[in-house]
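The values are calculated or read from the model by the stated rules, or taken from the named source; none is laboratory data. What you see is a predicted model, and the numbers here were worked out from it, not measured in a lab. No Cβ is skipped: glycine too gets one built from the backbone with ideal geometry, and neighbour counts run over all protein chains shown. Note: areas computed on protein heavy atoms with side chains; ligands, DNA, RNA excluded. Shrake-Rupley method; radii C 1.70, N 1.55, O 1.52, S 1.80 Å.
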Amino acid sequence: MKKILATACGGPSTLSFTRSLRDSDPTKEKYYIVGIDCDKYNIHRAEVDKSYLCPRATEPEYIPFIKKII
């Protein structure tokens, strides 16, 4: 199983991306999708296996946060 990190997971382009992955893997055996988003109002729309509310990409805590997840 491949782990995929999807940034801005509640946004429209990432939703299309995750839906395409799900369509290509109906049994959910190929991909485990982890999503991050800095918007607390968008993150609930994410179609991922696990989601995290993260700092903005411009904040110094962003890279350490991602390193902790992966």
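With respect to the chain, whose longest principal axis is taken over its alpha-carbon atoms, helix 12-24 is tilted by about 30°. Karplus-based coupling profile of segment 57-67, in residue order and whole Hz: 4, 7, 8, x, 7, 4, 5, x, 4, 5, 4, with θ = phi - 60° in 6.51 cos²θ - 1.76 cosθ + 1.60 and x standing for Gly or Pro.
Rounded to the nearest 20 Debye, what is the dipole magnitude of the chain about its Cα centre when Lys and Arg each give +1 and Asp and Glu each give -1 at the C-beta? Could you put the intermediate results ahead of the total?
On the way: 12 positive and 9 negative charges, 31 e Å.
That gives a dipole near 160 debye.
Accessible surface calculations at 1.4 Å, restricted to protein heavy atoms, place the chain at 70 Å² per residue.
Within straight cross-link reach of residue 28, meaning Cα distance under 20 Å, which lysines are found once same-chain residues fewer than 8 apart are removed? Within the straight-line limit of under 20 Å, residue 28 reaches these lysines: 2, 3, 50.
Between the amide H of residue 52 and those of 35, 36, 37, distances stay under 5 Å, these residues lying 5 or more places away or on another chain, with hydrogens modeled in the peptide plane.
Its DSSP H runs of at least 4 residues, each contributing -39,500 (n - 2.57), put the calculated 222 nm mean residue ellipticity of the chain at -9000 deg cm²/dmol, to the nearest 500.
DSSP beta bridges in the chain, what fraction antiparallel, as a percent rounded to 5?
On the way: 0 of 10 bridges.
Just about 0 percent of them are antiparallel.
Of the trypsin sites (Lys or Arg not before Pro) found in segment 14-70, those that fall in a DSSP loop while having at most 14 other beta-carbon atoms within 10 Å are 28, 30, 40, 56.
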